[in-house]
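Visitor: Shown below is the structure under consideration.
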Amino acid sequence: MQFGSVKVINNLSFSVKKGETFGLLGSNGSGKTTTIRALLGIYPPTSGELLVEGKPYSVAGDVRLGYLPEERGLYKKESVIDTMVYFGQLKGLSRDDARNEATAFLERVGLADKAKTRLDKLSGGQQQKVQLGITIMDKPDLLILDEPTKGFDPVNRRLLMNIIEEHQKKGATVILVTHQMEEVERLCDRIILLKDGKAAAYGTVSDVRKAHDGKSLDDIFIEIYGEADKEADNA
């Protein structure tokens, strides 16, 4: 992936297996967002290809995709339930099915009493819950989650991790972008750590740890990206 003369992603190659949770990790500026936007068709790759089950990937194809961006993008002047129903219908659900899915999700995450509340009256964490509900309400085959628990307290982080894990166990493939290594340890089957648009580490969590003398993922992250920060400071 290249923008002008700047190469953001350089000869990056990795696979995500059907039904697994795959951790897409890296420091800020490592190429994670660009990679995700290429997957979503926002940035057409300047070279290479994206394949799903051996076929060129298209957002308009048969794969149901759910994307939870780091930045919230909801209609804040509308009520929670109306927003969820609207997006559910955009995803192909009937109005009744969208309402049923939305109601069940709000009950699950403790927001049933906020169904008729305007979104701009909710806290940031509550809005993030709503956005996750919209992302998963049509039971997507592929979930791309960018910092899904950012800013959450431990109780709500655990709740959302449980929900993500449930969808993975039902067969969904999950690409998880996070800086929370405890989430990676619990949820991810395999990971890739990006640095300067290249893979600095790639494989199962246990294989990556073994390659770094059994260090924790936190320590491996610091080992790989701390060097880059020192170089930047000395530049």
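Visitor: Can you tell me how many residues in segment 174-227 are of a type in the set (S, T, N, Q), out of contact with any strand residue (DSSP E or B) (no Cβ under 8 Å at 6 or more places or on another chain) and farther than 19 Å from I36 by Cβ?
Guide: Of the residues in that region, 2 qualify.
Visitor: Suppose we filter N10, N28 for residues that are at pLDDT below 70 and either in contact with a Leu (Cβ under 7 Å, 6 or more places away or on another chain) or polar (S, T, N, Q) (or both); which single one remains?
Guide: Unique residue meeting the criteria: N10.
Visitor: OK, next. Report, by residue number, each residue of segment 59-71 that is at pLDDT below 70 and surrounded by 11 or more Cβ atoms within 10 Å (Cβ to Cβ).
Guide: Once the filter is applied, which keeps residues that are at pLDDT below 70 and surrounded by 11 or more Cβ atoms within 10 Å (Cβ to Cβ), segment 59-71 yields V59, G61.
Visitor: Can you find, within segment 128-157, the residue that is surrounded by the most Cβ atoms within 10 Å (Cβ to Cβ) among those that are outside any helix (DSSP H, G or I) and of a type in the set (A, V, I, L, M, F, W, C)?
Guide: Looking at the filtered set, the residue picked out is L145.
Visitor: Mind counting the residues in segment 102-127 that are within 21 Å of the chain's Cα centre (by Cα), at pLDDT 90 or above and not in a loop (DSSP other than H, G, I, E, B)?
Guide: So the answer is 6.
Visitor: When residues of segment 160-197 are filtered for being surrounded by 15 or more Cβ atoms within 10 Å (Cβ to Cβ) and more than 16 Å from the chain's Cα centre (by Cα), how many remain?
Guide: Counting residues in segment 160-197 that are surrounded by 15 or more Cβ atoms within 10 Å (Cβ to Cβ) and more than 16 Å from the chain's Cα centre (by Cα) gives 3.
The values are calculated or read from the model by the stated rules, or taken from the named source; none is laboratory data. These figures come from a predicted structure and were not determined experimentally. Positions of Cβ are backbone-derived with ideal geometry, glycine not excepted, and every protein chain shown enters the neighbour counts.
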